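Novice: This is the structure I have questions about; it appears just below.
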Amino acid sequence: MKRKNNHKRRWMTIIVIAILLAFGTFFIIDKMNNEKTPPKEQEEEEERETATEPEPKEEELPEPEKPSNPEEPAPEEATEEPEFGKLVENPENIDVIVNKKRHLPENYVPEDLVPLTDVPTVLSNPEVNQLRKVAYEALKDLFEAAKEEGYELHARSGYRSYYTQASLYASYVENYGKDAADKYSAKPGQSEHQTGLSMDITCEAVNYRLDTIFGDTEEGKWVAENAHRYGFIIRYPKGKEEITGYAYEPWHIRYLGVDLAEKVYESGLTLEEYFQ
Ligand code: DAL
Ligand code: ZN
């Protein structure tokens, strides 16, 4: 009888150990799986962080007026809207001026956006890997010419919808406060990125980020000296912060077409000053 009880107890112990082992194994495997898969929110946060442009400073922009040169096309007409500057009425114009005084309609999306299929990009968000076709063709030529000189440029942030800009601006305000946000990021509707004619470019030397030291790299210097030959200008130059309303952004290039870009470059003026 005693032997039978011992036998029974041994089996009970074996069963309990087996159950504990099974639970332990399940718990460990489950934990490993959770560690292997980063939470989606974190991935999105990282993407937003890398998409963030550096820090700017806000200033009042001069009111854009008619061009001083009568041969130059006048910027398209805009209608007055109190508190937020003027609403741009012809946002598809290649020479459109968008700034703190002139904003785009919330629902404006360029009709001829194309994906950047043939140039190196940095971000995975397909929206920002787009430009208007004419600007993209010019960007390919610019990147190709840079490559021939030994410089590999990367496209980081092109077209941004009104809503993407709203989220980016809000994120700046949250992280740095409103004053800093207004120096580095346009409010929704006030960003040139919504025109599909602007691109933020970068290179390996600055870890593919948007940093003012890009302007000191060989790539950045080459861009500053040659972008106009392909139809682009550096839109927010150093020393012109009070005119453009934004901090120096050596990475932000704006397509204007070769003729106008060359004239603006040769003038040494910002787009605002050129059209005054
Ligand atoms: N960083 C530029 C000013 C923009 O947000 O459009
Ligand atoms: Zn930009």
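The values are calculated or read from the model by the stated rules, or taken from the named source; none is laboratory data. Every value quoted in this text rests on a predicted model; they were computed, and no experiment measured them. Side chains included, ligands, DNA and RNA excluded: accessible areas come from the protein's heavy atoms. Shrake-Rupley method; radii C 1.70, N 1.55, O 1.52, S 1.80 Å.
Novice: For the range 86-274, with all protein chains present and a 1.4 Å probe, just round the carbon and sulfur fraction of the accessible area to a whole percent.
Specialist: On the way: 3420 of 7640 Å².
Ligands and nucleic acids excluded, carbon and sulfur give 45 percent.
Novice: So which of 133/263; 101/183; 183/263; 140/221 end up more than 20 Å apart by C-alpha? List each step's numbers first, then the result.
Specialist: Details: 133/263 22 Å; 101/183 14 Å; 183/263 27 Å; 140/221 18 Å.
Going by Cα-Cα distance, 133/263; 183/263 fall outside the 20 Å limit.
Novice: Over all Cα pairs of the range 86-274, how is the pair count split among 10 Å bins, expressed in % and running from 0 up to the last occupied bin?
Specialist: Calculated over all Cα pairs of the range 86-274, the distribution is 10, 39, 41, 10, 0 percent.
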